[in-house]
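All of the numbers you see were taken from the coordinates with simple rules; none came from a lab. Here the structure is a predicted model, which is why all the values come from computation and not from measurement. All Cβ positions, glycine included, derive from the backbone under ideal geometry; neighbour counts span all protein chains shown.
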Amino acid sequence: MLPVDAFIALGSNLGDPLSQIAAAIEALSHLPHTQLMRASKRYVNPPMGPQDQPDYVNAVVLLSTHLAPLELLDALQALEHAAGRFATRHWGERVLDLDILTYGSQIIQTERLTIPHVGVAERRFVLAPWAEIAAQAQLPDGRRIADLLAAAPNHPLHVLPAVGRDDLASNLPDSMAMNHPET
Ligand code: ROI
């Protein structure tokens, strides 16, 4: 069976978001039957939703995976729980949020999983890192991420370099190191 391209959104605004995002990206590089192909820079930005919470750090990665959608979801939720994710208020702060944006070109609507992820078209903090690592990416309905980004509501984004070897305890695939030769 061929692997499937899955784009994952990462978000954090509690604890030490920059290192949590770095640790999460490293953990994603170790998922079974999965390869981390690309990781975006990290985007520091104000919360969408209640404003009395810290700024977020957001990023997007591309996985190439043999995991089925629900297996991937289970793996992501295990990482969220390991990071200490706990339920706060609706649209409230979180230690680590990992969302499957797309899984190949599949549309999935079940109790546990909605793919593509809802609301992406309004979220510049998702679209910008996504377009950064995959200029040609599109939603199952054919809408291109770059076009959605061009049309998305304004939202300030402060871009930090991608996770580098300094942030990580162990080796990432070479594709990571070569992804952003300027950093
Ligand atoms: N706001 C920002 N900036 N980044 C997020 O990842 C994020 N995630 C959320 C809500 C609470 C909607 N706001 C966010 O779930």
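Over the chain, DSSP H runs of length four or greater, each weighted -39,500 (n - 2.57), average out per residue to a 222 nm ellipticity of -8000 deg cm²/dmol. Measuring spread by the Cα atoms of the chain yields a radius of gyration and Dmax of 15.2, 47 Å.
Taking neighbour counts of Cβ atoms within 10 Å as a proxy for exposure, in what order, fewest first, do Trp130, Trp91 appear? Don't skip to the end; give the middle numbers.
On the way: Trp130 28, Trp91 11.
Sorted ascending by nearby Cβ count, the order is Trp91, Trp130.
For Ile145, Ile107, the sequence from fewest to most other C-beta atoms within 10 Å is Ile107, Ile145. Within region 90-158, the GluC sites (Glu not before Pro) that combine a DSSP coil assignment with at most 16 other C-beta atoms in a 10 angstrom radius are Glu111.
Once both labels are positioned 7 Å from their Cα atoms along Cα-to-Cβ, the gap between His30 and His155 label points is 3.0 nm. Say we join alpha carbon atoms closer than 10 Å with springs in a Gaussian network model of the chain; which of Thr110, Thr65, Thr34 then has the biggest fluctuation? Largest GNM mean-square fluctuation: Thr110. Estimated at 0.36 nm per residue, the fully extended path between Asp55 and Leu70 surpasses their Cα-Cα distance by 2.4 nm.
Full extension of the chain segment joining Ala135 with Leu18 gains 39.7 nm, where the gain is 0.36 nm per residue of separation less the Cα-Cα distance. Please find the FRET efficiency linking His81 to Glu122, where r is the Cβ-Cβ separation and R0 is fixed at 30 Å, and quote it to the nearest 0.05. Efficiency at R0 = 30 Å is approximately 0.65. Highest GNM mean-square fluctuation among Leu113, Leu148, Leu28, for the chain modelled with Cα contacts below 10 Å: Leu113. Springs between alpha-carbon pairs under 10 angstrom, Gaussian network model over the chain: which of Arg124, Arg143, Arg42 fluctuates most? Sorting by GNM fluctuation, first place goes to Arg143.
Take the Cα of Thr110, step 7 Å toward its Cβ, do the same at Arg144, and the gap between the two points is 3.3 nm. Could you tell me how far the Cα centroid of region 67-81 sits from the Cα centroid of region 1-62, in Å? Using only Cα atoms to place each centre, the spacing works out to 14 Å. Sorting Leu18, Leu63 by the number of Cβ atoms found within 10 Å of their own Cβ, with the fewest placed first, yields Leu18, Leu63. Put simply, the amide H of Gln138, placed in the peptide plane, has neighbours under 5 Å in Ile145, leaving out anything fewer than 5 places away on its chain.
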